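Colleague: Sharing a structure with you now.
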């Protein structure tokens, strides 16, 4: 029987349909507060799962936040098999990435559930743009999807791998790299063609965001610094010297960016 994970709760399709939901609603599961009829019927299912009447609205808010987004994840057990680590990892990089991107080792999961489930890691391409001895950075605005990182300076551009990246039969590495290209094109206007290369894996267990994500760090070398944002979430976009990011600006960086800057300062790649 098909089911969806909504805010960490499993909802059976049969139950949903019996309570008046449609197949389309079940597949989408992103309901705004104004859709009272669907919400009321959905509340019956949540209450049947043991929730009280007051609890289902918080579940709906969680659903609306991510709009039913599906994201690519790997089991944490796979990371343990590859070799658990903290910070930046470059040793055995090619073999580790090959295992992470093997279609047998990953699958799509409801993001609302994944954000609360440290037994899985969401794979995140994290692209760092370098122009000479300067690194692109921005401040995460409130329009960004991850509220826990707002107002932090970031040097990483990227995001989740979604089912759209598997269009045209792409799987594994091909789907992942399609996601990298899509995220860059969605977020930045670049002055030239670019190539990205994987230089490290990134893991941070010190905070709730890091505990449910695993970064794949890409380095993009640019000849021109004429870069502009395409998304409101990327504010104060600018290039700064690597030594300044590793110095006066270091404490303002989000944790992942601190790891990347410290790595590039000691190993220019």
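Each value in this text was obtained by applying a stated rule to the coordinates, not by laboratory testing. Predicted model only: the values in this text are computed from it and were never measured.
Colleague: May I ask you to compute the full-extension gain from residue 185 to residue 230, defined as 0.36 nm times their residue separation minus their alpha-carbon distance, rounded to one decimal in nm?
Modeller: Taking residue 185 through residue 230 to full extension adds about 15.4 nm, to one decimal.
Colleague: What is the gain in length, in nm to one decimal, between residue 262 and residue 223 on full extension, counting 0.36 nm per residue of separation less the C-alpha to C-alpha distance?
Modeller: Working: separation 39, 0.36 × 39 = 14.04 nm, distance 2.26 nm.
11.8 nm is the gain from fully extending residue 262 to residue 223.
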